[in-house]
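Engineer: I am attaching a structure below and will ask some questions about it afterwards.
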Amino acid sequence: MVRYAEPGAVEWVESGGGPLIAVPEAVLPFWTGADGEETASDYDRACEVDGHVGLLPVGDSTALVLGDEPAATAYLPDHGAFVRWCAGNAEDELLDSVPAALRTAQWEPEVRWDVPGAVLLFDAAWPGTDSGRADRVRVALEPGPYAVRAAQVRPGPETWLGLVQVRRLANR
């Protein structure tokens, strides 16, 4: 994982050029990445996601695809959001802009994501069994339903970030 600031402060995940994916740990072995033997690999399916977020079946669960562009991404648990560094001069400047960006974002429609627990965020090209060799971040989510919404925000003239907020829903 990439660290731009003080070690351990914020952990960023980068891809080799394709989408990032958050796969529930419970179904990690079922994600084949670009190694699939099918005509369309799991990575190909992730690349076909249109927009900033999408859901893909993996095993008996669902993974969250962070699409659109291969921006360095971190999960900020205090905000319940993945922050995607699209443009900006400094990490601290970008991170300082997150609270205001969350308040002023023009959100796309929400999708519902049911997760069995913690997920790993990594480059969708990697098979789940090899994700330990790639940049990755573990996101501790409680099992259950979540509302996921995405937005692109330009909080400053040279700062541009993507937001993917994950909000726990009451069990129904």
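The values are calculated or read from the model by the stated rules, or taken from the named source; none is laboratory data. Everything quoted here is computed from the prediction, not taken from an experiment. Neighbour counts are summed over all protein chains in view; Cβ atoms, including those assigned to glycine, are modelled from backbone coordinates with ideal geometry.
Engineer: Return the residues of the range 89-138 that are surrounded by fewer than 18 Cβ atoms within 10 Å (Cβ to Cβ) and either on the phi > 0 side of the Ramachandran plot or among the aliphatic types (A, V, I, L, M) (or both); say none if nothing qualifies.
Structural biologist: Ala90, Ala100, Val111, Gly117, Ala118
Engineer: For Pro19, indicate whether it is at negative phi and touching a Leu at 6+ places or on another chain (Cβ under 7 Å).
Structural biologist: It is true that Pro19 is at negative phi and touching a Leu at 6+ places or on another chain (Cβ under 7 Å).
Engineer: Something else now. Being at pLDDT 90 or above, surrounded by fewer than 17 Cβ atoms within 10 Å (Cβ to Cβ) and either of a type outside the set (A, V, I, L, M) or not in a loop (DSSP other than H, G, I, E, B) (or both): is that true of Pro7 here?
Structural biologist: It is false that Pro7 is at pLDDT 90 or above, surrounded by fewer than 17 Cβ atoms within 10 Å (Cβ to Cβ) and either of a type outside the set (A, V, I, L, M) or not in a loop (DSSP other than H, G, I, E, B) (or both).
Engineer: Tally the residues that are part of a helix (DSSP H, G or I) and either among the hydrophobic types (A, V, I, L, M, F, W, C) or closer than 29 Å to Leu95 by Cα (or both), restricting the search to the range 11-59.
Structural biologist: Residues meeting the conditions: 8.
Engineer: May I pose another question? Under 17 Å from Asp35 (Cβ atoms) and out of contact with any His (no Cβ under 8 Å at 6 or more places or on another chain), is that true of Pro127?
Structural biologist: yes
Engineer: Quick check on this structure: which one of Asp96, Asp135 is closer than 20 Å to Glu11 by Cβ, of a type outside the set (S, T, N, Q) and free of Cβ contacts under 8 Å to residues at least 12 places away in the same chain?
Structural biologist: Answer to the check: Asp96.
Engineer: Another one. What are the pairs, 6+ residues apart or on separate chains, where a residue within the range 142-163 that is at positive phi and touching a residue at least 12 places away in the same chain (Cβ under 8 Å) has its Cβ under 8 Å from a residue that is in a strand (DSSP E or B) and β-branched (Val, Ile, Thr)?
Structural biologist: Listed by first residue and then by second, the contacts come to Gly144/Val115.
Engineer: Here is a list of conditions, (1) outside any strand (DSSP E or B); (2) at pLDDT 90 or above; (3) within 15 Å of the chain's Cα centre (by Cα), and Glu69 meets all of them except one; can you say which number that is?
Structural biologist: Just one mismatch for Glu69, condition (2).
Engineer: Using the structure shown, decide if Trp85 is crowded, with 18+ Cβ neighbours inside 10 Å, modelled with pLDDT under 90 and among the aromatic types (Phe, Trp, Tyr).
Structural biologist: yes
Engineer: Restricting the search to the range 141-164, which residues are in contact with a Gly (Cβ under 9 Å, 6 or more places away or on another chain), under 14 Å from Asp68 (Cβ atoms) and crowded, with 18+ Cβ neighbours inside 10 Å?
Structural biologist: Of everything in the range 141-164, those that are in contact with a Gly (Cβ under 9 Å, 6 or more places away or on another chain), under 14 Å from Asp68 (Cβ atoms) and crowded, with 18+ Cβ neighbours inside 10 Å turn out to be Ala150, Ala151, Val153, Trp160, Leu161.
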